[in-house]
Amino acid sequence: MKHNKLYFSYKSNNINYSKIKLIKLLNIIKSKNIEYIMNLLGNFKTKGAILLKTIILNAYKNFSRQIESQKKNVFLKNIIINKSRSFKKIRPAPQGRANKIKKQFFKIIFILNQEKNGTKGKSDIQ
């Protein structure tokens, strides 16, 4: 018996937040239900949690626009973090020196998954 799965990817560019801090949050929410993720991220007060909550909510809204069927069994299947552009500037320092400042931005790609035929959804990645 074959299970039909619906996949959807959502990309968010130029995120100005620490990659290490984001990875800690993303490991918690990977392969979970969207409703559970929204409740979980609502309890955190960090900038990264608020940022992720808005991005995941946008991804879910775009997913639900494309697929009008069941919206309950939507899971976050995979998360990919890539490097994007970076700003480099020089700030003056004492005694004629200069400090280099590197400000990095990241891209996040969310892959959403929906399982059909009333099966209980468990993600492929755990």
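For the reader, a short list of remarks on this structure follows.
- Set LYS21/LYS88; LYS30/LYS100; LYS21/LYS102; LYS45/LYS88; LYS19/LYS89; LYS19/LYS61 screened for pairs whose C-alpha atoms are more than 28 Å apart: LYS30/LYS100; LYS45/LYS88
- Rounded to whole Hz, the Karplus (6.51, -1.76, 1.60) HN-Hα couplings of the stretch 45-59, x for glycine and proline: 9, 7, 5, x, 5, 5, 4, 5, 4, 5, 5, 5, 5, 5, 5
- Taking N as its residue count, the alpha carbon Rg of the stretch 21-107 over 2.2 N^0.38 Å: 1.53
- Sorting 73-80, 27-34, 86-93 by average packing, meaning the other beta carbons within 10 Å per residue, from highest down gives 73-80, 27-34, 86-93.
- Normalised alpha carbon radius of gyration of the stretch 13-66 [divisor 2.2 N^0.38 Å]: 1.11
No value in this document is a laboratory result; all are computed from the given coordinates. None of these values were measured; they are calculated from a predicted model. A quick note on method: Cβ atoms are made from the backbone with ideal geometry, for glycine too, and the neighbour counts reach across all protein chains shown.
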